[in-house]
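J.: I'd like to ask you about the structure that follows.
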Amino acid sequence: MDELIIDEHALMHGLAADDIEYAWYNFVAKMHRGAPKEGEIIAVGYDGKGRFLEMVGAERPFATIVFHAISPPTRNAMRELGMEKG
């Protein structure tokens, strides 16, 4: 398992680093983004408190850095992951 770093920017919506880490490793859906956001990963998952989170991270040689997290996931994130309700 690669190292995961939670950037302080990911905490700005009131989520704790432990909750983001739990949701990242226990994701429901995750994918690498295409152009123009190559190198980014978007994911959704539940934290240990049952909240559904949207997360965006960037792969680096030394770790993956999660720089965005919010609950609940946005409609755009759900659509990007192919999970938008019809």
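Computed from the coordinates by the stated procedures, all read-outs in this text should not be read as laboratory data. Source: prediction; values computed, not measured. FYI the Cβ positions are ideal-geometry reconstructions off the backbone, even for glycines, and counts take in every protein chain you see.
J.: Roughly how many debye, to the nearest 20, is the charge dipole of the stretch 4-84 about its Cα centre, given +1 on each Lys and Arg Cβ, -1 on each Asp and Glu Cβ, and no other charges?
T.: Rounded to the nearest 20 debye, it is 220 debye.
J.: Along the Cα-to-C-beta direction of Ala63, a point sits 7 Å from the Cα; which residues of the stretch 1-26 have their amide N less than 17 Å from that point?
T.: 1-12, 16-25, by backbone N distance to the label point.
J.: In nanometres, what is the gap between the two model label sites at Ala29 and Tyr46, each 7 Å from Cα along Cα-to-Cβ?
T.: 1.7 nm
J.: Let me ask another. Would you mind ranking Leu15, Leu4 so that the residue whose beta carbon has the fewest other beta carbons within 10 Å leads the list?
T.: Fewest-to-most Cβ neighbours within 10 Å comes out as Leu4, Leu15.
J.: Take every DSSP beta bridge with both residues inside the chain and express the antiparallel ones as a percent of the total, to the nearest 5.
T.: Antiparallel: roughly 85 percent of the beta bridges in the chain.
J.: Express in nm, to one decimal, how much length is gained between Asp2 and Met83 on full extension, taking 0.36 nm for each residue of separation and deducting their alpha carbon distance.
T.: 26.5 nm is the gain from fully extending Asp2 to Met83.
J.: Here are several values of log10 I(q)/I(0) by the Debye sum over Cα atoms at q = 0.16, 0.18, 0.21, 0.26 Å⁻¹: (1) -0.61, -0.74, -0.96, -1.36; (2) -0.63, -0.74, -0.90, -1.17; (3) -0.55, -0.70, -0.96, -1.41. Which one was derived from the coordinates shown?
T.: (3)
J.: Between Lys37 and Met12, what's the calculated FRET efficiency when r is the beta-carbon distance and R0 is 25 Å? Round to 0.05.
T.: In this case the efficiency is close to 0.80.
J.: What relative contact order, as a whole-number percentage, does the chain give when Cα pairs under 8 Å and 6 or more residues apart are counted?
T.: Reported relative contact order: 30 percent.
J.: For the chain, which GluC sites (Glu not before Pro) are in a loop by DSSP, counting at most 16 other Cβ atoms within 10 Å?
T.: Glu3, Glu38, Glu84
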